[in-house]
1. Can you name the residue in region 38-70 that is among the aliphatic types (A, V, I, L, M) and surrounded by fewer than 16 Cβ atoms within 10 Å (Cβ to Cβ) and, of all such residues, is farthest from residue 5 (Cα to Cα)?
2. Identify, from the list 61, 22, 11, the residue that is modelled with pLDDT of 90 or more, assigned to a loop (DSSP other than H, G, I, E, B), at negative phi and not basic (Lys, Arg).
3. Of all residues in region 1-37, count the ones that are surrounded by fewer than 13 Cβ atoms within 10 Å (Cβ to Cβ), over 14 Å from residue 70 (Cβ atoms) and of a type in the set (A, V, I, L, M, F, W, C).
Amino acid sequence: MLLGGDARNLPEMRRIAAALSPAAHVTVLVEVCGSDQVGVIDAREGRVSWLDRSLDGGLRPRGERLAQAIHA
C-alpha cells in the first residue's frame, strides 16, 4: 500500500498504517515544511520517507516533492 500526503495528513496516515494487517507492506511518503514537522509513523516492515519542501530559505510548491516521489 502507498500512503502519501503532507504533515496535515499525519493523523490519518498513522491511523491507516496502524490498522493494516501485520502482513501488509506499506510505503509512506510525507511532504513536510522543515525538520520540525518530521514525526513517527509505525510502518512495520515498510518504509517512511520524509520529503522536505525547504529550499534555500523558501519552500517548493506544495505537492511537488510528493509527486516526484510517487512518479519515481
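1. 55
2. 61
3. Counting residues in region 1-37 that are surrounded by fewer than 13 Cβ atoms within 10 Å (Cβ to Cβ), over 14 Å from residue 70 (Cβ atoms) and of a type in the set (A, V, I, L, M, F, W, C) gives 3.
The values are calculated or read from the model by the stated rules, or taken from the named source; none is laboratory data. Note that the coordinates shown come from a computational prediction; the quantities given were computed from them, not determined experimentally. Note: ideal-geometry Cβ built from the backbone for every residue, glycine included; neighbour counts use all protein chains shown.
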